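Colleague: The structure follows.
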Amino acid sequence: MDALVNNRLSFGDGHHHNENKVKISVRGLNVWYDYGSKHALKNVDLNIHGREVTALIGPSGCGKSTLLKCLNRMSETIAGVTITGDILIDGASINESAIEVCKFRSRFGWVAQLPNPFPRSIYENVAYGARINGYVDSKAESDAFVEQCLVEANLWEEVKDQLLQPGTRLSGGQQQRLCIARALSTKPEIILMDEPCSALDPNATARVEGLIDELRKSHAIVIVTHNMQQAARVSQRVAYFHLGEMLESGDTEEVMSRPKTQKCNDYITGRFG
């Protein structure tokens, strides 16, 4: 486990800092699928802080991705789902009746497991989100905004001369950074990442991890990962899930080096999962 803790490259430390306030507060969250036959999340309580990366870890099917989809209310679009408990963002419930769900979801950027750029140009992949959200009115504004998002995604220098080419022609790592740029185009406060590097080679993974560390300086980031080295490198806090229960959470270095539960210890050390 010490090797995991020490393998942080040049990224930030694995500790929560008190100046980073709670952005999301999950309280007593329960989720059932298939009309109540599958209890996917069980009484989850978790605080997620701004300007930090929170890594959700645990074996497949333990509820990590379900929690991710609850945060932006995508889980409620699934037929046969039942959700109880509450989630607060900046102290306000996400379930208030006055909330416009589509507008609410624009507060989140989503990065999926497999790079999935739109079958459009690199430019349009980024410009579309800005345009439909009313962030740009003119071609000049759109050009500047697209450049800004691609710079933030550490992709601009590689694609600035091919913006009208299809995004699907880029390499896998470039496509994932394009998807991150697309996620940034809605000006999100929170970025949700569901195993964003699982389909990438080590070099592309290192680029995305470096980008995650940059983005967390201005966003709350929640990442699902099965890669313990990745969790150790990029996150400040970790939450371990097992069969729908969150068994442990805390500072990354603390959980990785001194897990409190045997199941978490077994998972981190590779004996289970």
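Colleague: For SER37, indicate whether it is of a type in the set (Ser, Thr, Tyr), surrounded by fewer than 17 Cβ atoms within 10 Å (Cβ to Cβ) and either touching a helix residue (DSSP H, G or I) at 6+ places or on another chain (Cβ under 6 Å) or at pLDDT 95 or above (or both).
Modeller: It is true that SER37 is of a type in the set (Ser, Thr, Tyr), surrounded by fewer than 17 Cβ atoms within 10 Å (Cβ to Cβ) and either touching a helix residue (DSSP H, G or I) at 6+ places or on another chain (Cβ under 6 Å) or at pLDDT 95 or above (or both).
Colleague: Next up: Can you tell me which residue in the stretch 121-149 is farthest from LEU164 (Cα to Cα), limited to those that are in a helix (DSSP H, G or I) and of a type in the set (Val, Ile, Thr)?
Modeller: ILE132
Colleague: Being within 22 Å of ASN116 (Cα to Cα) and either modelled with pLDDT of 95 or more or out of contact with any His (no Cβ under 8 Å at 6 or more places or on another chain) (or both) narrows it down to one residue among PHE241, PHE145; which is it?
Modeller: Testing whether each residue is within 22 Å of ASN116 (Cα to Cα) and either modelled with pLDDT of 95 or more or out of contact with any His (no Cβ under 8 Å at 6 or more places or on another chain) (or both) leaves just PHE145.
Colleague: Quick one: would you say ASP194 is of a type in the set (D, E, K, R) and either crowded, with 19+ Cβ neighbours inside 10 Å or closer than 29 Å to ILE89 by Cβ (or both)?
Modeller: yes
Colleague: Determine, yes or no, whether ILE212 is surrounded by fewer than 21 Cβ atoms within 10 Å (Cβ to Cβ) and either under 23 Å from the mean Cα position of the chain (by Cα) or among the basic types (Lys, Arg) (or both).
Modeller: no
Colleague: Let me ask another. Residue by residue through the stretch 43-70, note down the ones that are surrounded by fewer than 18 Cβ atoms within 10 Å (Cβ to Cβ) and among the hydroxyl-bearing types (Ser, Thr, Tyr).
Modeller: Scanning the stretch 43-70 gives a single hit, SER60.
Colleague: Test of understanding: among ALA79, ALA98, which residue is small (Gly, Ala, Ser), part of a loop (DSSP other than H, G, I, E, B), at pLDDT 95 or above and out of contact with any Asp or Glu (no Cβ under 8 Å at 6 or more places or on another chain)?
Modeller: None of the other options fit; the residue is ALA79.
Colleague: Further question on the same structure: Name the residues in the stretch 220-253 that are among the charged types (D, E, K, R) and in contact (Cβ under 8 Å) with a residue 24 or more places away in the chain, would you?
Modeller: Once the filter is applied, which keeps residues that are among the charged types (D, E, K, R) and in contact (Cβ under 8 Å) with a residue 24 or more places away in the chain, the stretch 220-253 yields ARG233, ARG237, GLU245, ASP251, GLU253.
Colleague: Right, next: Of ASN133, ASN116, which residue is at pLDDT below 95 and polar (S, T, N, Q)?
Modeller: ASN133
Colleague: Take the stretch 101-120 and flag every residue that is of a type in the set (A, V, I, L, M), part of a loop (DSSP other than H, G, I, E, B) and closer than 15 Å to ILE190 by Cα.
Modeller: Of everything in the stretch 101-120, just one residue is of a type in the set (A, V, I, L, M), part of a loop (DSSP other than H, G, I, E, B) and closer than 15 Å to ILE190 by Cα, namely ALA112.
Colleague: A further question follows. Considering THR186, THR269, which residue is hydroxyl-bearing (Ser, Thr, Tyr) and farther than 30 Å from ALA144 by Cα?
Modeller: THR269
Colleague: Here's another thing I want to ask about it. Can you tell me which residue is farthest from the chain's Cα centre (by Cα) among those in the stretch 215-273 that are assigned to a helix (DSSP H, G or I) and basic (Lys, Arg)?
Modeller: Ranking the candidates gives LYS263 first.
Colleague: On to the next question. Which of (1) touching a His at 6+ places or on another chain (Cβ under 9 Å); (2) in a loop (DSSP other than H, G, I, E, B); (3) at pLDDT 95 or above does PRO196 not meet, given it meets every other one?
Modeller: (1)
Colleague: Taking ARG120, is it free of Cβ contacts under 8 Å to residues at least 60 places away in the same chain and under 14 Å from the mean Cα position of the chain (by Cα)?
Modeller: No.
Colleague: Right, here's the next one. Working only within the stretch 68-110, note down all residues that are without any contact (Cβ under 8 Å) to a residue 60 or more places away in the chain, among the small types (Gly, Ala, Ser) and either touching a helix residue (DSSP H, G or I) at 6+ places or on another chain (Cβ under 7 Å) or within 22 Å of CYS179 (Cα to Cα) (or both).
Modeller: If the condition is that a residue be without any contact (Cβ under 8 Å) to a residue 60 or more places away in the chain, among the small types (Gly, Ala, Ser) and either touching a helix residue (DSSP H, G or I) at 6+ places or on another chain (Cβ under 7 Å) or within 22 Å of CYS179 (Cα to Cα) (or both), then SER75 is the only one that fits.
Colleague: Do you know which of the residues in the stretch 1-34 that are surrounded by 15 or more Cβ atoms within 10 Å (Cβ to Cβ) and assigned to a loop (DSSP other than H, G, I, E, B) is modelled with the lowest pLDDT?
Modeller: ARG8
The values are calculated or read from the model by the stated rules, or taken from the named source; none is laboratory data. What you see is a predicted model; the values in this text were computed from it and never measured. Neighbour counts run over all protein chains shown; Cβ positions are idealised from the backbone, glycine included.
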